[in-house]
Every structure is written in C-alpha cells, then in structure tokens.
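Quick notes on the structure that follows.
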Amino acid sequence: MKTRDHLGRHVVAVTGIGLVTPLGIGVAESWAGLLAGRSGISRITRFPTDHLRTTIAGQVDLPEEAGGSSLTSPARVERMGALAGAEAIAAAGLGTDGHFPGPLFMGMPPVEVEWPQRLDLARRGNGAGSGKYPEMIAAATGRVDLFEGALFGGVGERLADRFGTQGAPISLTTACATGASSIQLGIEAIQRGESTAALCIGAEGSVQPEALIRFSLLSALSTRNEDPAKASRPFEKTREGFVMSEGAAALVLESLESAEARGAKVLGLLLGAGERADSFHRTRSNPDGAAIIGAMRAAIADAGLEPGDIDYVNGHGTGTPENDKMETLGMRAVFGESPPPISSNKSMIGHTLSAAGAIEAVFSLLTIRDGMLPPTINHETPDPAVGLDVVPNVARAAKVSRVLSNSFGFGGQNVCLVIGAAP
Amino acid sequence: MTETIWITGIGLVSSLGEGTEVHQAALGGAAPVVDADTFAPYPVHPLPALDLDRQIPKKGDQRQMEPWQRLGTYAAGLAIDHAGARDLVRDMHLIVAAGGGERDVALDEAVCAEIARLPPEEGAKLLNERLASGLRPTLFLAQLSNLLAGNISIVHGVTGSSRTFMGEESAAADAVRIAAARLGEGRGGIALVGGAYVAGRWDMLLLYSASGQLRRGDWVPLAQRQDAGGGLVTGTAAAFLVLETESHAKARGARGIARLTAVRSAAARRRGADTAEAAATRLAAGLPLAPGYAVVSGATGAAVPTAAEAAFLAGLRDSGPVQGKVVQSADLIGHPVEAAFPADIALGALAVAGGAAPQALVTGFGVWRGEALALVEAP
C-alpha cells in the first residue's frame, strides 16, 4: 500500500467519525435522516421569537436541556464537540481513555459573555438598574466560571483535557469554512510528520437571539417561517437565504501508515486540501469567482488529480442567492460543460456555520462508503441559471470514489477538501 | 523545519508608538504610557494616535471596522511595507490570532438598564426588539474574529491563504509556529502572522476582571505586583511579522532582520505536576542557547503564570549558558493578549538586529493557559 502521496507526504486516512446534527445525535441517525431527505429545520423553541424576522432554525436538543434551561453558546459547542469527539475516538479505537495520541484542532465560533450572564451581572451590579459596565465589571470580578467559560481558548482546553490530546489545542475560525480549516490543519500536521494522528472537530452552537439577529440584519437568513422544513432551498429558483443551524462533527485523522500498522479500519482518505482568500468584499465573493475557483482547483491539484477524477461535489450550497450563483460559476469554471453531481446537505440540516465543513466531510465519507448521494431537498422550481445536477429531492445510488467538499466563508476564506475511498 | 525562516518585516504598534525605531529604543528602557483614568480603577496602555489613512486609504474600509480591526489591519500594513513585500501579497499566507471585536457598549448598557428589572419572559421579548432595532449590521462584521484577516485581505490584498486562530496568548504562539512550519516545508515562500489587542474596552475588561487578576489602582512595574498577589494591566498593541524562507528572501534581495530559529508551544493543565514551569522547561530542551542570550519575557502579571515564568528562567540560568538582559515586555507595553507573543518576537528580533545580544529567547505564559518559547538570532 502506498503510504506517501504524489508529493512525498504521508497519506492521511480517516479512522473515526462522529456527528451531532439536528437530524440526530450520532453518525447513524444523522446519515439515515439525510438519505431519507428529512428536514431537521424547525420553529425556534429555545427562546421567544417575538420581533424576529426569522423564527426557524436547525436545533439540537441536548439531553441536559430537557428541563427547559438552555446552555450558552460556548457550553453548547463544548457539549456537542465532546459528543462527536467521543464517537469518533471510540470508532477509531485509537489511544486509551483520556489519552489521544495527537493534537486537537477545534473549529468553532467566537464566543463571549452572553445576554443571560450580562443581565445577571446587571441585576447583581446595581439596585438602581443603571446597567453600566463598571458596575457589571465589579459584579463579575473573580467570577472564574465566567472567565473560563467565555475565553476563546476555553472550549478547546476543556476538550483537550477530556480527550487527553497532545500539545496546545488549536481553536480556529474561518467563518463558514471553519470545519474544513480544522481538518486542513490536521492534514498538514500529519503530512509534515508532526504527528501520526489528529483530532479535528467543527462545532457550532449559535442559535441564540443576538447571533440570529445579527445574521438577519445582513439579510442572509431565510424568512420562510411558515413552513420550516421547506425554508432551506439551495440551488433552487426561489431560494432567499440560509437557515441557521448547529451541530458538530469530529474526525480522527491518522497517517495511513500508522492506521495500517495497528490494523485500523480506514473509512477513507483525505487526498488534498486547497484554499484561497478573497480580497473583494466582506460578505460577497469577487464576481469573477477567482477565489472560489482557485480553492477548488488547488484542492484537486493538491490531491494530484484532474477535475475529471471527481465523482461528486458536496456543495457549500447555503441557499443564499449569492452563494449558489457563485458556486455554480465555480463548478462551470472547474469542471466545464459536464460537471459532476453536486448536492447540499444544508437543504436538510441548515447551515451549521463553524461545523459545516466538518459535518460535510463526514457526510462525504459516508457517501463514498454507501455509494449513495444525499439529495438536495426542496427542489421544486429549478433555477435555469444553475442548471446543475443537484440530486433533486431523492437520494441516488452512485459509485463514488472521490468527493470534492466545498466551504466558502464570510470574510473571503475558502477551503476545499478532496476526500477519497479507502485503498 | 527544513528551510531557514527569516523575519523580514515587522509591523509593531503599541502605546509607545508605531514602528521599529521607537520600540528598539524602548529596549534600553522606557517609561510606559498608561491611562489610569478612562477605565478606572483599571489602568490600561492606550491606543496611540495613528494616521489610519496611511495604511487603510479608503474611508469606506475604515468605517466597516472598529478600533481592533483597524489597529490590526494598520499594523499588518506596516509589516508588509517594512518587508518591502507589497508586490508579493497575492501569494502571501496569513494567520491571524484574533479575539473578538468591539461590542456596542452603549447599546449593551441601555438594554441592561431597561431589561434587568423585568421578569425573564418579558425581558426576553424586549431583548429581541431592542437588539433587532439597535444592532448595526456593520458592527456584526466588525465584531467577527475572522474579519480582521478578512480586512487584511481586502485592504492589503493578502490572498495566499487566510486562517484565524482563537485562544488568547497561545493562539498567537501557534499562529507563528504553524506559519513558520508551513514555510519550512515548502508551502509558500512568504507569510504574514500576528495579532492585535485593544485594551481600552469595557467588554474586554469585563472578561478579564472575571479572572480576578486585573490590576486596580496605580500602575506599578511587574516586579512590584507579585507581592500583592499579581496584577494584569492590559496593553493596546498590534504586532505582525512577515516570515519568509531564507531562499525566498535572498532571491528578491530582501534582508533578514532576524532568523526565527525555533517556535514551540505547549498547554499545561496547570494542576498537580503538570505545571507551566515544567511544560516550558520541556519546550526549552535542546534549544541552542548561546551565552549572553537576551530574554524577552512575556510574563503577564497574572500571579500563577508570572511566578512560573520566573522559576522557569531561573532554572534556565542554573542549567544553561549565561543569561543576558531580561526585558519585561509587560512593563513597556502592558499585556496585549493575542498580540503579546508576536510583539515579543518583534522586540527580540529588534534586540538581535541592534546588536544588543546574539540571540533572544521569547517566552509566553498565558494568563490562563498556554506556554510558548521562540528563539530569534542574527540571520
């Protein structure tokens, strides 16, 4: 078996996967829901939605929230990251309990002190209710729980402690490409021989009022509130925004050499990664699509492949008019007149933001494993400007050896992965 | 690393001012610039006056940012200029160590004043209404952590790749470490790496006050804070480094300010035997320290890691070559969190370039977590 790639680097295998999505906790449940074309989008119940333009989202109901109190975003990200991480490590059978023999790359959203905490400090800080920061700060002094809970490095540190990963945990954000970036960092660490294994997690837990309102103010969200399951419509003519969602995915990466030496089951290979930043605009791609096209081509070239070697594309496919237009442009530019099928998991689970790239990488591996293309649901009126095979509405059997998984982020950060079958 | 990595550009802004000259001079001793009033009782090292137009020429770009992103974007531009690398930005790789951008403090306070009195259910509904009408769409982008990198791409055209690490001090150490490792293995020839921090922010003071470590009252040097149980004085600063392989720099006739010989990071759990001192001591194993090496100490003022750092340096003195001058960067520029490690590497590079020492060992001991070392020497 070749354990070095075309550039002489260690071949990177995936030996464990874990998932938490609005379709279910665990790989099996999420994947079954996806192949069934089930929507995980629902009306928001976690907080009142009065005065909001968008009142729907993909939501993961965590067992500890059954009593009605909901976690803050960092706690939610940590919890879902822990669930996905534990599933992936158990599947890989690597290391021992509390000792994982590689670094942690944690893709996650920025976190901060949140409204319930801020209001609590305001209540404690002043009887008169002036709500001024100096008084809230006085009330917060020495609240180590608040400090460690809202530090950017907090979630990663606690997960590193829990799983016993090696070295400094690396937390990162590249907006909607975050999950893919965390995998890319793991790939690179193994390729350059820094480690034989890595734990890569992407997690998102931002379905809370302020985050929802912020995206809403950018006019990025679907307002099709009346029928939540129909709201996310990537590549479809009547699409009008994405649906916020949450979840987590974890992948155990290993050098193929190390995986084979211990007789591990290889789920697939990470053949290549490519990235290109855009310098055009904070929320829009350059109309020439150069960065998107560059990232897709770079990933394929990094894998030592030609565009014709790609059997299926797991699209970024957010369902915003802009993204899907630009991704279509990229598909045409990279693949020419006969592009491979492309479908969007986001039609079912919504846009899991920082988790999306990692969740979609896991779905890409499962696509290869089962020879089943997940559908793009809610495809009622085709958009003639798209004209791609989006695997409309119903999953389809197909032999798939190599998948290109696209992730394009606000701020112009674009990352693509090429995922291949186990040797 | 297989390729030798040079620092060919430094973009440094602190409360002392901007550029390499003022900071090189400060290595010989300088009085810090402290604002003890605006955020009393918490002293901070303030933002210096900057002519933003020099690095962010479009007013429209300036308006899309708040001070944190502006400061970082400005310093990134200084680094690119210093390296003479304006025409290399297309394939320049970028790693930013980022915190969060500014909240709308006036809105937060107004909402808190109104809602803290209400029953929770009623308060939650009103919160939606107030945020939906009060939040400015542009502020969202100004708050997003990865948009510092996004703005560096937009304003300066850096598009080779773009990654944003989060995690306070150690995010910056790993940003430098990984940027250098990628160049070392041949993934590109030039990279821009760094971070920025604005200390004069109520929202960040809220976070750091929760640690219980923020210094209250008058500013005093680090050495005098330890007896009182430590004390953190945050500093406004931004530091970006242009890293380049030696061969890439030589091919374009660029000079190396210093060579980045090693960057190492760890994260001790800081409990039991897994101490920051022990972690740093392991990191230091095998570092090619030369007699008279200077130390740029990243001690923050927070009690536990500051003591650990002092013990680590003492151990190094006992077991290694003669130690030269120790510069406490927090006494000069305060503690600028994500900007601390890159700023200290910049100071180390300037010390070496100025001939003050053959090498500079840079230490980073995060307020909560993260230990890091870097070694810079003459190219």
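The values are calculated or read from the model by the stated rules, or taken from the named source; none is laboratory data. None of these values were measured; they are calculated from a predicted model. Every residue, glycine as well, gets a Cβ built from its backbone with ideal geometry; the counts of neighbours run over all protein chains shown.
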Out of B:TYR74, B:TYR42, sole residue that is of a type in the set (Phe, Trp, Tyr), within 30 Å of B:GLY366 (Cβ to Cβ), out of contact with any His (no Cβ under 7 Å at 6 or more places or on another chain) and outside any helix (DSSP H, G or I): B:TYR42
task: Give segment B:242-290 a look and list any residue that's within 14 Å of another protein chain (Cβ to nearest Cβ), in contact with a strand residue (DSSP E or B) (Cβ under 6 Å, 6 or more places away or on another chain) and assigned to a loop (DSSP other than H, G, I, E, B), or say none.
output: B:ALA268
task: Could you identify the single residue in B:ALA378, B:ALA303, B:ALA294 that is touching a strand residue (DSSP E or B) at 6+ places or on another chain (Cβ under 8 Å), among the aliphatic types (A, V, I, L, M) and buried (at least 17 other Cβ atoms within 10 Å of the Cβ)?
output: B:ALA294
- request: Mind listing just one residue for me: the one in segment B:134-149 that is in contact with a strand residue (DSSP E or B) (Cβ under 7 Å, 6 or more places away or on another chain) and facing chain A (nearest Cβ under 8 Å) and, of those, nearest to B:GLY189 (Cα to Cα)?
  value: B:ALA149
message: For segment A:196-219, which positions are surrounded by 22 or more Cβ atoms within 10 Å (Cβ to Cβ) and among the β-branched types (Val, Ile, Thr)?
response: A:ILE201, A:VAL207, A:ILE213
- request: Show the residue pairs that are 6+ apart or on different chains and have beta-carbon atoms under 9 Å apart, the first residue being within segment A:200-218 and farther than 21 Å from A:ALA177 by Cβ, the second being basic (Lys, Arg) and outside any loop (DSSP other than H, G, I, E, B).
  value: A:GLN208/A:ARG76
- request: Go through segment A:220-244 and count every residue that is closer than 27 Å to A:ILE342 by Cα and surrounded by fewer than 19 Cβ atoms within 10 Å (Cβ to Cβ).
  value: 8
query: Do you know which residues across segment B:310-334 are in a helix (DSSP H, G or I), of a type in the set (A, V, I, L, M, F, W, C) and out of contact with any Gly (no Cβ under 8 Å at 6 or more places or on another chain)?
result: B:ALA310, B:ALA311, B:PHE312, B:LEU313, B:ALA314, B:LEU316, B:LEU332
field: Which listed residue is more than 14 Å from chain B (Cβ to nearest Cβ), modelled with pLDDT of 95 or more, assigned to a helix (DSSP H, G or I) and buried (at least 22 other Cβ atoms within 10 Å of the Cβ), from A:ALA250, A:ALA259
entry: A:ALA259
field: Test: B:SER297 is under 17 Å from the mean Cα position of the chain (by Cα) and more than 14 Å from chain A (Cβ to nearest Cβ)
entry: yes
query: Pick from segment B:175-191 the residues that are of a type in the set (A, V, I, L, M, F, W, C) and away from every other protein chain (no Cβ under 11 Å): which of them is surrounded by the most Cβ atoms within 10 Å (Cβ to Cβ)?
result: B:VAL176
task: Answer yes or no: is there a residue in segment A:349-363 that is surrounded by 24 or more Cβ atoms within 10 Å (Cβ to Cβ), out of contact with any helix residue (DSSP H, G or I) (no Cβ under 8 Å at 6 or more places or on another chain) and either outside any loop (DSSP other than H, G, I, E, B) or not assigned by TED's automatic domain parsing to the domain that holds A:GLY81 (or both).
output: yes
query: Do any residues in segment A:258-270 that are touching a residue at least 24 places away in the same chain (Cβ under 8 Å) and farther than 19 Å from A:ARG369 by Cα have Cβ atoms under 7 Å from those of residues that are of a type in the set (Val, Ile, Thr) and surrounded by fewer than 24 Cβ atoms within 10 Å (Cβ to Cβ), where the two are at least six apart or on different chains, and which pairs are they?
result: A:SER258/A:THR196
field: Residues that are modelled with pLDDT of 95 or more and either surrounded by fewer than 20 Cβ atoms within 10 Å (Cβ to Cβ) or not assigned by TED's automatic domain parsing to the domain that holds A:GLN413 (or both), drawn from segment A:270-297
entry: A:ARG297
